[in-house]
Structure formats: structure tokens, C-alpha cells
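J.: This structure is in C-alpha cells; I'll ask about it shortly.
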Amino acid sequence: MIWGHIDNWEAEKAMWPAALQQAMEHIRSLDFDQVPDGKYELNGRRMHTSIKTTTTRAAADQKAESHRTYIDIQYVISGEEKIGVVPWSSSLQIARDDLDTRDVAFYDKVEQELWLHQKPGMYAVFFPADVHRPCCSVDREGPVRRMVIKIDRRLLVGEEK
């Protein structure tokens, strides 16, 4: 997992793999006031994004999830949310396995999560071993506009160009 704020990007970007740099530069290039919610391709199915306005909910009402193929960059445009994260472990029990069809597995019970308090400009990068629970309320339910960029992990290890 990587956690940070877009204001620090210039000082940190040289340490990032090219595919993650491309995704972050895309975030920096957007005027979110001019981009409607929706789904967009950046590099075909290998890198794509969705922008969505949603309502945060209590953590108990949100499922933790993980992915096999895609890395997530989750970026807050407006509002705020908490995201729980814990390293994947074989002791975690999958409640719903959609890895083969939608690249997502959901978990019922996840313990000892680290909680990230996400505000506008903050991002979190979740790798396949990061079980994460997005869109959780900070104090009470509220609106959050967020962008998720999905990056095929093979772009980072040179299996695909």
C-alpha cells in the first residue's frame, strides 16, 4: 500500500513505476469540475478509471475487498471517507468470490484494520495483497466524490506493454 497527498507528488514521483506515474499524472491533469462521473479508459482494459459520487456508510455496512489482477489508486476529489486496510492473510475467509468474473473478492470479517482518513487530494494505492474497505463514514454518512484507477499489475512487472 502507498498513501499520500497529490501536493507531494512532484517530490515523490521519481520513486514510482511508470504505470503508476502515468495514472497519477492523469489525476493531476484533470479539472474535476469539468469531468462528469463515469467510466473512462486510459490504456484499454489494462488501465481504466471511474469517477463516482456516492454516500459513505458505516464500516459495518461496507465489505472489505481485494483484487487479483488490478491495483487500485483511490483518490478523493471532494468530501471525505475512511478506508480500512489490512494485509491479505490465508486466515481471511472470502464471503463472495468474483475474482474470475469481476476481479474482486469480498470478506465478511476483517480484524485489526488500519484506518486511513481520506480528504480531498489524498490517495491510496492498493496492491493485490491489500484487503481494503473503501467508502466508510468518518463521523456520519456523507457525500464523497472519488476516482478509482484500475491498473493491471502486469504493467508494473513488465509482462505487458
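J.: Estimate the FRET efficiency between Asp61 and Phe32 by the formula 1/(1 + (r/R0)^6), using the beta-carbon distance for r and 22 Å for R0, to the nearest 0.05.
T.: Approximately 0.25, to the nearest 0.05.
J.: Normalised radius of gyration for the chain, please: alpha carbon Rg relative to 2.2 N^0.38 Å, two decimal places.
T.: Numbers: Rg = 15.2 Å, N = 161, 2.2 N^0.38 = 15.2 Å.
Rounded to two decimals, the normalised Rg is 1.00.
J.: On to the next question. Would you work out which of Tyr75, Tyr40, Val85 lies farthest towards the positive end of the dipole of the chain? Charges go on Cβ: Lys and Arg +1, Asp and Glu -1.
T.: Going by the Cα projections, it comes out as Tyr40.
J.: Choose one of Gln62, Ser50, His5: the residue whose Cα lies farthest towards the positive end of the charge dipole of the chain (beta-carbon charges +1 Lys, Arg; -1 Asp, Glu; about the Cα centre).
T.: Ser50
J.: A further question on this structure: Could you tell me which trypsin sites (Lys or Arg not before Pro) in region 11-79 are loop residues by DSSP with no more than 13 other beta carbons within 10 angstrom of their beta carbon?
T.: Sparse-neighbourhood loop trypsin sites (Lys or Arg not before Pro): Arg68.
J.: What's the carbon and sulfur percent of the chain's accessible surface, probe 1.4 angstrom, rounded to a whole number?
T.: Details: 4200 of 8770 Å².
So the carbon and sulfur contribution to the accessible surface is 48 percent.
J.: With r as the distance between the Cβ atoms of Leu156 and Ala14 and R0 = 25 Å, compute the FRET efficiency 1/(1 + (r/R0)^6) and round to 0.05.
T.: After rounding to 0.05, the efficiency reads 0.95.
J.: While we're here: State, to one decimal in nm, how far the label point of Ile2 lies from the label point of Ser89, with both points 7 Å from Cα in the Cβ direction.
T.: Distance between label points: 2.7 nm.
J.: Using Cα positions and a limit of under 19 Å, work out the lysines in reach of Lys82, with same-chain residues fewer than 8 apart set aside.
T.: Qualifying lysines at Cα under 19 Å: Lys52, Lys63, Lys109, Lys119.
J.: Could you pull out which residues in region 135-153 have an amide N less than 14 Å from a spot 7 Å beyond the Cα of His117, following the Cα-Cβ vector?
T.: The answer is 137-140, whose backbone nitrogens lie closer than 14 Å to the label point.
J.: If you don't mind, another one. At 1.4 Å probe size, with every protein chain present, just tell me what the per residue accessible area of the chain comes to in Å².
T.: Result: 54 Å² of accessible area for each residue.
J.: Something else now. Where in region 95-161 are there GluC sites (Glu not before Pro) that are in a DSSP coil and have at most 16 other Cβ atoms within 10 angstrom of their Cβ?
T.: Glu111, Glu141, Glu159, Glu160
The values are calculated or read from the model by the stated rules, or taken from the named source; none is laboratory data. Computed from a prediction, not measured in an experiment: that's the story for all the values here. Note that we place each Cβ from the backbone using ideal geometry, even for glycine, and neighbour counts take in every protein chain shown. For accessibility, only protein heavy atoms count, side chains too; no ligands or nucleic acids. Shrake-Rupley method; radii C 1.70, N 1.55, O 1.52, S 1.80 Å.
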